Amino acid sequence: DWQILSFHLDNLRHPSEGAYMVQRRPNEVAHPVLVLGFVGMALFMLALSCFNYINISLGAAARRLKEIGLRKVMGSNRNQLIIQFMAENLLLCLLALVLGIVLAWAVLIPMFNARFVIQIGMAWGENALLWVFLIGLLGFVGVASGAYPAFYIASFQPVTIFRGRQRLADKTWFTRVFLTFQFILAFLTVIGGAFLMLNGRYQTSLDWGYQAGHTVVVPLQNSEQFPLLRDAALQNAQITHVAGTNSHIGHGFGGTTTVTRNGEKEEITSMFVGPGYFEALGLRLKAGRFFEEQLDNETALVVNTAFATAQGWDNAVGQSLPINGEPHTVVGVVEDFMFFPMLGTRPLLFRQTDAANYGYLVVRTNAENTTAITAFLEDTWRKLYPEQPFDAFVQTDVFDDFYASYFNVTKGFGYLSALALLIACMGLFGLAAQHFSGRLKEVSVRKVLGASAGHVILLINRHFLILLLVAGGVASTFMYFVITLVLRQFPDFEFMPVGPGPFAFAFIVVFLTAALAIGAQVAKIVRANPAEVLRNE
């Protein structure tokens, strides 16, 4: 119904920049917002990783103080130490880049290509800019993550180091604020992923309102195929109902019908079906009757319960409804059913159509296994139309494409949340390394004075526990209002009620992951021999 503004010839191998504006084009082209979103996400994750690596480097510097002092005593100058630390950092970044390329080529790119129409790859010999990008990325990350630790550590004085007075710069307040922000992001993504996952399970567990497992649907190439297939299907004793239809539940609707309600015109979703369609699908009759070929014509209507309720009808059967100036009569009311996932219950009316408009053959069987019925229909099709491909599906599979797309999005969100949580835990690891190294002497004194292992664990992790609780509380509050606000924007859709499940799941996952991130360091400081520590000090 849209007016054509222009025609444009486009190359499917090398589409134009504006190709993303073409709906249903054969070769999908990424929207610029999608590209910028991925680029922004990558840059943000890279910035977090560089900052976390700086914290880890500073934490590791506490264990290299004597090495630094000895090198300076033996004649190394500041520039030599800076070059050494930068070279070590570039080597680590090079190894990380190689592993990142292998991971992207072996896992991430196939995973991306399996879930999107856009197909990407690494054209090493065809794209020189890719090499320039990787080399530039290596140099940028190497300098950004290693410059500050190298210059800072190289400035230490050997006399101060050997006297035991060298301390790392105290910027824990900034580090903790930044780390709290990272864990807020981690909580947000985990809560969002958990809600999508639980909502998907909620949707798949909903009652459809009819037994879809007993219905097999055959899309027709043309309406003339229906009579021959119907007559052949009725010869099978296991087939109880056969019907034709123009629009089928789960495969689109017939469109909308303009009805007058309270003096105002309103567009109502409508479906055009043939007699016997309700019985073949197994829909439940609430009042009146379904369409009958000998009694009804195009002015007969069957409505669902939601439509009757919206109209304010206590008894919908016999009610007259003007459509396009012509009166139509309601002959039956069908119980509400799921005609598309998450759309909830909305007013719907059925109009009768004749066999010349049929696009589907719908059969209902009393057999528990529909495989034999599908094979029978395929064999019948091949005898009647040997040159045309056969297609059929069980009604239970009608929403599979939607569920597959939904869970692909859920998996993508899950990967993002896992990455955000991993990066946040890297920051926690770096901060914990600095924190524990600075409190080793204090913990040893406390253990000599009788402190228990539980007391020590609580003492050294108290700040991190408060950090996680603050991040979880802020993220949970924010995410609750965001999810509630988003759901309110779609009043016609049915979602899982917002309960404590996603938030509890996020807390458990984040706290367990954080415990794993610092568990080894906690165990090391708890098992440390106080005598050895204090003797070295």
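General remarks:
- Solution diffusion estimate, µm²/s, Stokes-Einstein, the range 261-345, Kirkwood Rh from C-alpha pairs, 4 °C, viscosity 1.567 mPa s: 95
- Exposure of residue 208 as accessible area (Å², to 10), given a probe of 1.4 Å and all protein chains: 40
- Amide H to amide H, with H built 1.01 Å from N, residue 354 comes under 5 Å of no residue 5 or more places away or on another chain.
- Accessible area per residue (1.4 Å probe, heavy atoms of protein chains only) ranks 391, 336 as 391, 336, with the largest value leading.
- Nearby lysines by direct alpha-carbon distance to residue 441 (threshold 28 angstrom, same-chain neighbours under 8 apart not counted): 66, 72, 171, 524
The values are calculated or read from the model by the stated rules, or taken from the named source; none is laboratory data. Just so you know, these numbers come straight off a predicted model, no measurement behind them. Ligands, DNA and RNA are excluded from the accessible area calculation, which covers all protein heavy atoms including side chains. Shrake-Rupley method; radii C 1.70, N 1.55, O 1.52, S 1.80 Å.
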